[in-house]
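Asker: What follows is a single structure, and I will ask about it in a moment.
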Amino acid sequence: MGKGQIVAGCIAPHPPHLVYAENPPQNEPVAEGGWEQLRWGYERLRASLSEHDYDAIVLLSPHWQTYVGTHFLGLPHFEGLSVDPIFPNLFRYHYDMNVDVELAQAIHDEAAKAGLPVKMMENPDFRVDYGTITTGHLFNPDWDKPLVVISSNRSTAYYSVEVMQEIMIELGKVTRKAIEASGKRVVVLASNSLSHRHFTTESEVPEDMSKEHITSHAMHLWDMRMIDYMRSGQAQRILDEMPEFTEQAIAESDGGGLSWLLSTLDVPDYPAILHGYGTIIGTGNAVVEWPCYAHEVNDE
Amino acid sequence: MSQGEIVASYVVPVHPHTVLAPDQNAGWRRLRDAFDEAAQTIRDLDADLLIIYSTTWPSIIGHQIQADPNPEWVMVDHDFHDLGSIPYSFNIDADFAHAWNEANKQRGLQSRCVNYKGFPIDVGSVVALTLLNPDNSIPAVIVSSNMYANRSETTVLAKSCLDVIKAQGRRAVAITAMSLSNRMFTDFIQPEEDKIHSLKDDEWNRKILEFLEQGRLEDVGQLSRTIHRQIRVQKVVAFKPMWWLSAMNGNRNDLTGRILAYEAIHGAGGAVVHIDPTSTGVGDKEYDEDDVEYFHGERGVLEGAEESEKDAIQNTNAGADSTDESTASDSGPALWDPTEAKGSVNTDAAPKPVGAYPHARKVGDMLFLSGVGPRQPGTNAIPGGPIHDENGEPLEYDIKAQTHAVVNNVKRIVEEAGATMDQVVDVTTFLVDMKRDFAGYNEVWAETLGKVGPTRTTLAIDALPTPIAVEMKVIVHMPE
Ligand SMILES: [Fe+2]
């Protein structure tokens with residue numbers, strides 16, 4: 001078996017609005033469009049990755065929130081109805097997905113070896129969180145690749161962004177190690193918004209784009225600063241500024257996804273590709289790809 | 001029909017251990033027994049409604065109320081999935097949910113009902129309803145915790161709930177699904193190793209329980225922010241359920257409390273507490289902040305600057321004062337600060353203008369008032385109710401209450417100018433419905449300005465800029 005490889009790493013936002021706006025057959029509500037900038041961004045990401053074959057998607061979702069350790073979906077198949085508890089009017093999605101349990105177990109085992117509290121989730125009644133479903137759908141609408149789904153440990157809430165980041169950097173290292181040992185070609189996804197201050201009201205027509213904008217200038221500046229670092233290959237600076245960014249932009253990076261992603265990618269010093277940016281109920285969201293395929297040497 | 005009342009209140013823990021694994025730990029068993037005892041008490045009280053405020057159901061867009069009459073699913077906890085699954089099929093009082101939702105809007109709150117097959121009912125609500133209402137015989141209603149809600153918003157949420165309990169004559173039980181200290185162990189533990197995470201958490205929990213046992217619910221509410229800082233991990237929702245529960249009980253400190261159990265669940269503080277509304281006769285209340293009847297907070301962040309007019313309505317109309325007949329109005333023009341010029345007379349004690357003009361202007365010894373309506377200063381509520389809703393649908397209103405409010409507003413402006421009501425010399429009154437309202441208006445006139453004796457002209461007009469039925473234009477002569 002050859003050495004496994006990370007084909008690409010991405011930040012990919014998961015507000016249910018994007019799925020709602022697209023009207024896929026799996027989602028019950030019907031929209032008149034909306035949030036096109038971001039949906040086109042996802043289209044460009046899919047097009048960019050379509051030229052690269054891969055075996056599995058490893059995804060960390062901030063909406064599977066675990067306070068006791070980091071958990072991994074541990075059964076090969078999940079299906080059911082995902083209803084967003086915050087926006088049930090927009091997202092009631094019938095999902096049917098496969099899990100790469102072997103790879104999940106391998107990452108779990110590596111993490112346990114490194115001393116992280118981890119658990120496989122093997123309850124067949126478990127409802128997969130809507131962050132995973134949304135990103136899963138937008139990234140791969142055909143659902144034809146198995147996923148590894150990692151929960152978001154809430155160590156930011158318990159300790160601090162610094163402690164969260166230490167844990168996530170460790171989790172990223174073992175994720176990478178397990179992928180390399182698996183012999184598989186993998187895309188890693190941090191399901192994540194950037195600045196995360198929501199509006200507290202919803203317009204009559206949720207997809208009314210005349211109402212959509214960033215909640216404040218400060219949020220915009222933070223989003224652009226982070227995107228600049230991504231586009232100029234300065235991942236380390238993102239990690240360095242993570243505490244300030246997370247606190248001041250109330251960023252969804254508190255869930256650790258972005259720190260984990262950058263660590264899994266070995267803190268890339270090459271530019272990421274920005275496929276799209278847009279706001280969703282005021283939060284800042286970017287679709288960004290680190291094209292590892294162009295920078296890693298595959299020793300097969 | 002009874003008058004409608006809270007017959008009992010409960011604090012109950014949120015984690016699924018009490019349902020799925022009561023026998024793995026003696027403390028979890030004691031919590032479960034306490035739940036079972038509470039369920040029996042609720043049956044004995046002949047309660048006909050369970051109301052759950054759940055801290056494990058966060059919301060962003062105001063508060064959400066479950067309105068699916070029969071939600072069914074299988075709940076699996078995000079953390080404790082290995083304990084098993086909890087299938088549920090609940091009996092939800094959808095009528096009450098819709099009425100509460102409407103009452104919330106009446107009191108200026110952002111609110112909506114959810115009725116969607118497969119909606120993920122949160123663990124705290126599932127545990128509470130499974131154990132407190134095991135045979136589903138009592139209809140229930142569940143409300144979310146809004147992430148951004150402050151004390152006034154949470155208090156008003158309770159008051160609107162009480163409005164409906166009274167209107168429907170219900171015997172309701174108010175339940176908060178919550179942890180005390182919520183710090184769990186961050187690693188996996190064996191059931192027998194469970195204990196409160198730290199001595200500090202334990203001491204705070206015991207202090208809270210001491211207060212609750214003494215019936216000092218409002219005091220716990222007033223300590224909420226301190227408790228949050230001391231023993232709460234910043235999860236999605238802060239320690240706000242005590243605001244709601246205290247307001248559900250009339251913000252009292254003389255309730256009768258009983259601690260049924262207090263134990264650790266994976267390190268967090270779990271307690272089952274029964275609060276009986278019977279007065280102990282002791283326990284004074286000093287209310288530390290304004291007791292809010294209508295929510296007046298900033299929620300209009302969606303609108304851009306160009307739509308600030310619409311914002312102004314939403315924000316200013318969100319609050320209203322507390323008299324029974326007074327209802328917040330839902331539509332109308334933006335409000336302005338009164339203009340300032342030589343001789344102008346303006347006061348915070350009168351409602352804000354709907355255009356660029358002062359409340360009154362003095363020329364020599366004459367005082368000319370701008371048209372005065374019944375809107376209440378500060379809150380913009382209309383005593384007697386608005387004459388139509390935001391869609392222009394006519395509403396029932398009380399012309400006498402409106403006329404009284406106009407006269408009171410006139411008096412405030414007149415007195416601000418240093419004049420008195422007996423110096424009013426001429427009044428022009430505008431009525432939007434002469435046929436319906438003249439008699440009522442005339443009656444109030446006779447009791448008030450009629451006694452002063454100004455000349456008067458009453459006109460029927462098509463409409464006024466806000467949803468009011470009466471406005472007066474007043475001239476005062478105030479010799480030095
Ligand atoms: Fe999110």
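The values are calculated or read from the model by the stated rules, or taken from the named source; none is laboratory data. From a predicted model like this one, the values you see are computed outputs, not experimental measurements. All Cβ positions, glycine included, derive from the backbone under ideal geometry; neighbour counts span all protein chains shown. For accessibility, only protein heavy atoms count, side chains too; no ligands or nucleic acids. Shrake-Rupley method; radii C 1.70, N 1.55, O 1.52, S 1.80 Å.
Asker: In terms of the Cα gyration tensor, with a ≥ b ≥ c the square roots of its eigenvalues, is segment B:5-276 rounded because a/c is under 1.5, prolate because a/b exceeds b/c, or oblate?
Answerer: Values: a/c = 1.44, a/b = 1.23, b/c = 1.17.
Here segment B:5-276 falls in the rounded category.
Asker: Just to check I understand the Karplus step: with θ = phi - 60° and J = 6.51 cos²θ - 1.76 cosθ + 1.60, what whole-Hz values come out for segment A:170-182, glycine and proline as x?
Answerer: Rounded to whole hertz, the list is 5, 4, x, 4, 6, 4, 4, 4, 5, 5, 4, 6, 6.
Asker: Non-local amide H neighbours of B:Gly269 (under 5 Å, H modeled in plane, Pro and chain starts lacking H): which ones?
Answerer: B:Leu180, B:Ser181, B:Asn182, B:Arg183
Asker: When the Karplus curve 6.51 cos²θ - 1.76 cosθ + 1.60 is applied with θ = phi - 60°, which whole-Hz ³J(HN,Hα) does each residue of segment A:194-208 get, with x for Gly and Pro?
Answerer: Whole-Hz 3J(HN,Hα) from phi for segment A:194-208: 9, 4, 9, 8, 8, 5, 9, 10, 10, 6, 3, 9, x, 8, 6.
Asker: In whole percent, and with a 1.4 Å probe on the protein chains, what portion of the accessible area of segment B:79-195 is carbon and sulfur?
Answerer: Ligands and nucleic acids excluded, carbon and sulfur give 49 percent.
Asker: Using a 7 Å offset from Cα along Cα-Cβ at A:Asn23, what residues in segment A:31-55 end up with backbone N under 12 Å from the label point?
Answerer: Taking a point 7 Å out along Cα→Cβ of A:Asn23, the residues of segment A:31-55 whose backbone N falls under 12 Å are A:31-34.
Asker: Follow-up question, since we're still on this one. Just the number, please: Stokes-Einstein D of segment A:26-98 in µm²/s, Kirkwood Rh from C-alpha pairs, 37 °C, 0.692 mPa s.
Answerer: It comes out at roughly 213 µm²/s.
Asker: Determine the distance separating the Cα centre of segment B:433-480 from the Cα centre of segment A:66-115; give it in Å without decimals.
Answerer: After rounding, the separation between the Cα centres reads 68 Å.
Asker: With labels modelled as points extended 7 Å from the Cα through the Cβ direction, what inter-label distance (nm, one decimal) is found for B:Asn442 paired with B:Glu192?
Answerer: In this crude spin-label approximation the distance works out to 8.9 nm.
Asker: With the calculation restricted to Cα positions, what are the radius of gyration and Dmax of segment B:63-179 in angstrom?
Answerer: 14.4, 44
Asker: Continuing with this model, one more query. Loop-only check: which GluC sites (Glu not before Pro) in segment A:1-93 are DSSP coil with at most 13 other Cβ within 10 angstrom? Let's see the in-between values first.
Answerer: Numbers: sites: A:Glu22, A:Glu32, A:Glu36, A:Glu43, A:Glu51, A:Glu79; in loops: A:Glu32, A:Glu51.
Sparse-neighbourhood loop GluC sites (Glu not before Pro): A:Glu32, A:Glu51.
Asker: Also, I was wondering about something else. Can you give the convex hull volume of the alpha carbon atoms of the protein assembly as shown per residue, in Å³?
Answerer: Values: hull volume 135.0 nm³, N = 780.
Taking the convex hull of the Cα positions in the protein assembly as shown, it is 173 Å³ per residue.
Asker: Now a separate question. How big is the antiparallel share of DSSP beta bridges in the protein assembly as shown, given as a percent to the nearest 5?
Answerer: Numbers: 55 of 108 bridges.
In the protein assembly as shown, DSSP labels about 50 percent of beta bridges as antiparallel.
Asker: Give the percent of DSSP beta bridges with both residues in chain B that are antiparallel, rounded to the nearest 5.
Answerer: Numbers: 36 of 66 bridges.
For chain B, the DSSP antiparallel bridge percentage is about 55.
Asker: What is the percent carbon and sulfur in the accessible area of segment A:146-216, measuring with a 1.4 Å probe over the protein chains and ignoring ligands? Could the numbers behind the result be given before it?
Answerer: Working: 1220 of 2340 Å².
So the carbon and sulfur contribution to the accessible surface is 52 percent.
Asker: If I model a spin label at B:Val452 and A:His213 as a point 7 Å from the Cα along the Cα→Cβ vector, what separation in nanometres do I get?
Answerer: According to this spin-label approximation, the distance is 4.6 nm.
Asker: Answer rounded, prolate or oblate for segment B:331-477, using the Cα gyration tensor with square roots of eigenvalues a ≥ b ≥ c: rounded when a/c is under 1.5, else prolate when a/b is larger than b/c, else oblate.
Answerer: In terms of gyration-tensor shape, oblate.
Asker: Considering the Cα trace of segment A:157-264, what is its radius of gyration and what is Dmax, both in angstroms?
Answerer: Both quantities, over Cα of segment A:157-264: 16.2, 51 Å.
Asker: To check my understanding: the extent here is largest minus smallest coordinate of the Cα atoms along each principal axis. What are those three numbers for chain B, in Å, largest first?
Answerer: 87, 49, 41
Asker: Would you please give the residues with an amide H less than 5 Å from that of B:Ala460, counting only those at least 5 places away or on a separate chain, with H modeled from the backbone geometry?
Answerer: B:Leu431
Asker: In the P(r) worked out for segment A:5-294, what percent of Cα pairs fall beyond 29 Å?
Answerer: On the way: 11094 of 41905 pairs.
So the pairs more than 29 Å apart make up 26 percent of the total in segment A:5-294.
Asker: Per the Cauchy relation, a quarter of the hull surface: what is the mean projected area of the convex hull of the alpha carbons in segment B:1-114, in nm²? Provide the component values of the computation, followed by the final result.
Answerer: Numbers: hull surface 35.1 nm².
Spelled out: convex hull of the Cα atoms, projected over all directions, averaged, 8.8 nm².
Asker: Distance between the C-alpha centers of segment A:186-241 and segment B:212-271? Whole Å please.
Answerer: Segment A:186-241 and segment B:212-271 have Cα centres spaced 36 Å from each other.
Asker: Continuing with this model, one more query. Can you work out ³J(HN,Hα) from phi for every residue in segment A:99-107, in order, using Karplus 6.51 cos²θ - 1.76 cosθ + 1.60 and θ = phi - 60°, giving whole Hz and x for Gly and Pro?
Answerer: 10, 7, 5, 4, 5, 4, 5, 5, 5
Asker: If you take each beta carbon of peptide A:127-137 and count the beta carbons of other chains within 10 angstrom, what is the mean?
Answerer: 1
Asker: Counting protein heavy atoms only and a 1.4 angstrom probe, how many square angstrom of accessible surface do chains B and A bury in total, to the nearest 100?
Answerer: Working: alone 20950 and 12300 Å², together 29390 Å².
Using a 1.4 Å probe, the pair buries roughly 3900 Å².
Asker: Taking H placed 1.01 Å from N in the peptide plane, check which residues at least 5 places from B:Gly257 or on another chain put their amide H under 5 Å from its amide H.
Answerer: Under 5 Å from the amide H of B:Gly257 lie the amide H atoms of B:Gly215, B:Asp276, each far enough along the sequence or on another chain.
Asker: Going 7 Å from the Cα of B:Asn115 in the Cα-to-Cβ direction, what parts of segment B:27-69 have a backbone nitrogen less than 17 Å from that spot?
Answerer: Correct set: B:64-69.
Asker: Could you pull the accessible area for A:Arg39 with a 1.4 Å probe, rounded to 10 Å²?
Answerer: Surface open to solvent at A:Arg39 totals about 40 Å².
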